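> I have a structure here, written as structure tokens, and I will follow up with some questions on it.
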Amino acid sequence: MKLFLDTANVAKVEEIASWGILDGVTTNPSLVAKEEGADFKETVMAMCDLVNEVSAQITTTEFEEMRKQADEYSSWHKNVVVKVPMTVEGLKTLKYCSGKGIATNTTLVFSVPQAVMAAKAGATMISPFVGRLDDLGVDGMDLIADIMEAWSHYGFETQVLVASVRDPEHVVRAAKVGAHIATIPYKVFLQLPQHDLTDKGLKKFMEDWNSIKK
Ligand code: E4P
């Protein structure tokens, strides 16, 4: 299972990458807008030096423009993954990119038919947004389970990336259904190595060790 950080903040990528377990980063225009003053290309390139896969989202909606942006982003660094919205124009862009060997991440996936179409267009990854479905009172992780079940019948190479993660339980359920990737916000990432029993156990081990006369 690959773990990605969902952020446009280079310092946060540096911090989590230093743990030695970070596989990639996902950015989106909303995350980029939070990092006021940061240059998008410089941000993406700095992240590409830290991790192997960095999603940079296309910001146009017509195929010709999307194709040009995909070409531009992919020329920045070999680790760039072009993030393409799940629309008909997006499908054309995914097909174009797969023909050129450009890695892609299909964003804003909310249904099994969307997932299947993106896979057929040759997407490297698809990003179903679980948290946004949860917000509507629908269990977002059910969509991931449905997609993984569908995938089990076919030879799709497209990786299923659990996006819009809100808490560690989303990561647990992603792992249990065999999702290939989870992209995790910084605040949730910090919770993942923590367990009260680990802290208590370590405190006791340290106390006992220090009580030994050496
Ligand atoms: C990542 O690729 C997605 O853009 C992100 O996880 C969306 O998260 P949100 O629903 O919390 O905005």
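Read the figures in this text as sums done on the coordinates, not as results from a lab. Nothing here was measured: the structure is a model prediction, and the numbers come from that model. Every residue, glycine among them, receives a Cβ derived from its backbone with ideal geometry; neighbour counts consider all protein chains shown.
> Could you work out [θ]222 nm for the chain from helices alone, using -39500 (n - 2.57) per DSSP H run of at least four and dividing by all its residues? Round to the nearest 500 deg cm²/dmol.
The helix contribution divided over the chain gives -14500 deg cm²/dmol.
> Run the quick spin-label model on Asp135 and Asp167: label points 7 Å from Cα toward the beta carbon, then report their separation in nm to one decimal.
In this crude label model, Asp135 to Asp167 measures out at 1.7 nm.
> Based on the mean of other Cβ atoms within 10 Å per residue, sort peptides 114-124, 41-51 so the most packed one is first.
Averaged packing, sorted descending, gives the order 114-124, 41-51.
> Ok, one more. Pairs Lys12/Lys41; Lys34/Lys120; Lys12/Lys204; Lys12/Lys200: which exceed 29 Å Cα-Cα?
Lys34/Lys120; Lys12/Lys204
> What percentages, rounded to whole numbers, describe P(r) for segment 2-212 computed over all alpha carbon pairs with 10 Å bin width beginning at zero?
8, 33, 34, 16, 5, 3, 1, 0
> Please report, ordered by residue number, every helix of the chain (full DSSP H runs) that is 15 Å or longer along its axis going by C-alpha atoms and whose mean Kyte-Doolittle hydropathy reaches 0.5.
140-151
> Right, another one. Can you tell me the order of 103-110, 54-61, 18-25, 76-83 when each peptide is scored by its average per-residue count of other Cβ atoms within 10 angstrom, highest first?
Put in order of decreasing packing, that is 103-110, 54-61, 76-83, 18-25.
> May I ask you to order 68-74, 194-200 by the average number of other C-beta atoms within 10 Å around their residues, highest value first?
The packing order, highest mean first, is 68-74, 194-200.
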